[in-house]
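Q: I'd like to ask some things about the structure below.
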Amino acid sequence: MARNVERKKSWWLSCCSCCSRGDDVEDYVRGPSGPGGRPSDRTTDGYHTDDDRYPGGNRPTSGNHTEDGPGGNRTTGGNSERPNSGPESNNDNLPSMPTGNLQIQSVDLLKARSGENRRSHHTDEYECDELIVRRGQPFQICVTFQRPFNPKSDQVCVILQPGNSQPITVPFVKEFDEGGWGCQLAECSAQQAILWVNTSAQAGIGKYQLSVKSGAGTYNDSKLKVYVLFNAWCRMDAVFMDNESWRQEYVLNEIGRIYYGTEHQIGERSWNYGQFDNGVLDAVLYILDRGGLSPSSRGDPITVTRVISAMVNSMDDNGVVAGSWSGDYADGVNPVAWVGSVDILLKYHQTGTPVKYGQCWVFAAVTTTVLRCLGIPGRTITNFASAHDTDGNLTFDVYFDENMKPLEDKNSDSVWNYHCWNDCWMTRPDLPAGYSGWQAIDATPQETSNGIYCCGPAPVLAIKNGLVNIKYDCPFIFSEVNSDKVFYQRMANGKFKKVHVEERAVGHCISTKAVGSNAREDITYLYKHPEGSAEERNAVRTAAQYGNKTLAEVETEDTGDVTLTVESQDGVSMGSDIHIRITLSNGCGSRRTVSLSMAIAVMYYNGVCKESFKRDECNVVLNPGEAKSVGMTVSYNEYRTHLVDQSAMMLTVSGSVKESGQKLAKQHTFRIRTPDLIIKVHGEAVVGQQIVAEIIFKNPLQTTLHNGCFHVEGPGLQRPKVVQVGDVGPSKTISITERFTPRRGGERQLMASFESDEMSLVHGVTSVNVRE
């Protein structure tokens, strides 16, 4: 069921002022006044020249333009999103509207995927036979008349109508106005004319109906549909990105790597963003319709991305993905089983109901698909040890009783093993200078923003410097990456006091896929200054100041004689025992006696723990300068019945030093590795010719896995498919054979996952080089 239009208006008015812009689009008529100007494109250093932008080399007349580097403010040469009316308009300069008896016989949008229009606009990969263009860049159409066209006396104009809104009249102009609407004659021969049509660099993105008007009337055909997208190649577009390799990665790449696990045990999985797959573009535009975005609001990437962050989750608006962290996914799909966004988006478009189920990486991956499909540069981000601040005090709080044992019912704040969100690239004219570039948005429904489950766009630079007064939702994201972890102990009178502050507890190894490779790129430096540096501590103080919060400090002197570290094995496989080592070091010249309490609990990746299933206590005597280790083993039989999704556990170590009263506290997360799938492709891959792939899985456990199934897909190779295989016996190896026919050439990837009642998070991927 679609959102109520009236509700959506007040919904976005309450959300932010920029989202409440929204007069309907009127007839836009841009005259030839002043020097025109076309944004430059590909040059010898990887960008475009003007000549490369125009199919057939027919470059329209243009003037000069002004621009900055990536993320900078740009001169737009006037507000091209307003009609020429009012006292400042010079209607005398407008070209005459078509007159005479020239009749139009047909209009050809030159929309072939292999044609110049689609290729020059970087839209030839979309598996759609309609014309898809990027705004602020001319495209060609061919108009056939019932008599020869005379460019000196005959006049025509193009009309573009977005949805049910007011049409935009695009008249002939002598020069293209920079970033504005306009039409020019490219060439004519007998009864045919090739026209250049230029869309505004601020045009609302979406589907337009095109018609052509001559003196004899208007030629209409319902098949003349034009999809207009954001344009990272256009210097006048708010999403312009001045780096060709970045544009190839963040707009055109269909395959991603998503990182998970813990900061000490980082795992990765492939994801099929599939933004070019058949049906995905229509599904994405349907999401904007459901989000209540009017055509006049769709030109602003700030508004669009804020709506996307709200609509990708199902909270308060029946959006795309229903989140669940319950462990019971019987009426849907286990979140770890998804390997791509395509099936999710197509199902949502077909049914109009949220797809079950997703968790943070699913929300983030689907958001990346939506961003790239619309032309907004975007990427998936993983933050390890990501704090979830439930009370908005900019700290992560952990509570213990009088004996320094954790109070599980009071610890509502949590540190997720990892959390995924998105960066998207745009200018921020609504903010002071300097905050353009990467913006963080988060579609996972954690906390509300102005009463709605959406988050961002928040400038990454503002997050880094603790400027939590900058919109949107900087305080929440700052807490995720740079809040201090504060430990409280309950006193005899029932009150709590701070006993320890851990300044480096959250925001580690912030990761994304590297440009042009499958390597992991650590971008922590973009989100925070080096841990413990003066700049990082100043950012924390700034955040506390702007947030009107008290900076977390220990109220009583902490002598800090004894230090505590925890280590666990890396890469422990499912079915093996786990060995943990806790090391205590005495840094003073006197003997120290330490009382330790240890508790292990299975945890969901979002930091929520089940009740501890193993506890231990001990006393350790340390001589001056001595270090001692305490070992702890968790057997497979002890943990196997307690595991939940992603097989993570948390060890909480707490204690006190008898002689000094020093309090010790440490939480350490670790995970169990699951096996990988093996994928083998047999034969040479050619477009249109069937090929065979074998997918192999071995059960590493001595128990049967029930209700096993594979999920298989790959952009340009294989549409999403689920293959049921039933039960898999102890230590048994199974394989399936999949036949598929590649649809597009080039370097492709085929990926798969395996899930069962007892085991999930099993993935595999292989590259396939497809010949045309």
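Q: Using the heavy atoms of the protein chains alone and a 1.4 angstrom probe, what is the accessible area of the stretch 409-537 per residue in square angstrom?
A: 34
Q: For the stretch 648-772, with the dipole built from +1 on Lys and Arg beta-carbon atoms and -1 on Asp and Glu ones, taken about the Cα centre, which of 712, 670, 736 lies farthest toward the positive end?
A: Highest projection toward the positive end goes to 670.
Q: Hey, another quick one. Ignoring any ligand, DNA or RNA, what whole percent of the accessible area of the stretch 343-493 comes from carbon and sulfur when the probe is 1.4 angstrom?
A: 47
Q: Could you sort the peptides 586-597, 645-656 by per-residue average Cβ neighbour count (10 Å cutoff), highest mean leading?
A: Packing order, densest peptide first, comes out as 645-656, 586-597.
Q: Okay, next question. Among 260, 216, 195, whose Cα sits farthest toward the positive end of the charge dipole of the stretch 183-265 (+1 at Cβ of Lys/Arg, -1 at Cβ of Asp/Glu, about the Cα centre)?
A: Value computed over the given set: 216.
Q: Step through the residues of the stretch 181-192 one at a time and calculate ³J(HN,Hα) from phi using the Karplus curve (6.51 cos²θ - 1.76 cosθ + 1.60, θ = phi - 60°), rounding each to whole Hz and writing x for Gly and Pro.
A: Running phi through 6.51 cos²θ - 1.76 cosθ + 1.60 with θ = phi - 60° gives 6, x, 9, 9, 7, 8, 6, 9, 8, 6, 8, 10 Hz.
Q: For the stretch 650-769, what is the relative contact order in percent, using Cα pairs closer than 8 Å and at least 6 residues apart in sequence?
A: 27
Q: Past 19 Å, Cα to Cα, is the threshold; run 498/666; 405/485; 152/213; 111/174; 628/666; 207/721 against it and keep the listed order.
A: Correct reply: 111/174; 207/721.
Q: List every residue whose amide H lies under 5 Å from the amide H of residue 231, counting only residues 5 or more places away in sequence or on a different chain, with H placed 1.01 Å from N in the peptide plane.
A: 135, 239
Q: If amide H atoms are built 1.01 Å from N in the plane of the peptide, which residues on other chains or at least 5 residues away come under 5 Å of the amide H of residue 727?
A: Amide H neighbours of residue 727: 707, 708.
Q: When the accessible area of the stretch 622-772 is computed with all protein chains present and a 1.4 Å probe, what percentage of it is carbon and sulfur?
A: 42
Q: Further question: Quick one: what are the phi-derived ³J(HN,Hα) couplings along the stretch 132-138, Karplus 6.51/-1.76/1.60 with θ = phi - 60°, whole Hz, x for glycine and proline?
A: 10, 10, 10, 5, x, 9, x
Q: Which value, in Å² and to the nearest 10, is the accessible area of residue 472 when all protein chains are kept and the probe is 1.4 Å?
A: 20
Q: Expressed as a whole percentage, what fraction of the accessible surface of the stretch 206-281 belongs to carbon and sulfur atoms when a 1.4 Å probe is rolled over the protein heavy atoms?
A: Taking all protein chains in place, the stretch 206-281 shows 41 percent carbon and sulfur surface.
Q: Calculate one ³J(HN,Hα) per residue across the stretch 505-516 by plugging θ = phi - 60° into the Karplus curve 6.51 cos²θ - 1.76 cosθ + 1.60, and present them in order as whole Hz with x for glycine and proline.
A: For the stretch 505-516, the Karplus-derived couplings read 8, 10, x, 10, 6, 5, 10, 8, 5, 5, 5, x Hz, x marking Gly and Pro.
Q: Now, a different point. With every protein chain present, what is the per residue accessible area of the stretch 152-280 (1.4 Å probe, Å²)?
A: Each residue of the stretch 152-280 exposes 30 Å² on average to a 1.4 Å probe.
Q: Considering only protein heavy atoms, what per residue accessible area in square angstrom results for the stretch 593-682 with a 1.4 angstrom probe?
A: 42
Q: Rank 596, 573, 633 by how far each Cα sits towards the positive end of the charge dipole of the stretch 567-639 (+1 on Lys, Arg Cβ; -1 on Asp, Glu Cβ) and give me just the farthest.
A: With unit charges placed on the Cβ atoms, the residue in question is 596.
The values are calculated or read from the model by the stated rules, or taken from the named source; none is laboratory data. Treat the numbers as computed from the prediction; the structure is a model and nothing was measured. No Cβ is skipped: glycine too gets one built from the backbone with ideal geometry, and neighbour counts run over all protein chains shown. Heads up: the accessible areas ignore ligands, DNA and RNA and are worked out on the full protein's heavy atoms, side chains in. Shrake-Rupley method; radii C 1.70, N 1.55, O 1.52, S 1.80 Å.
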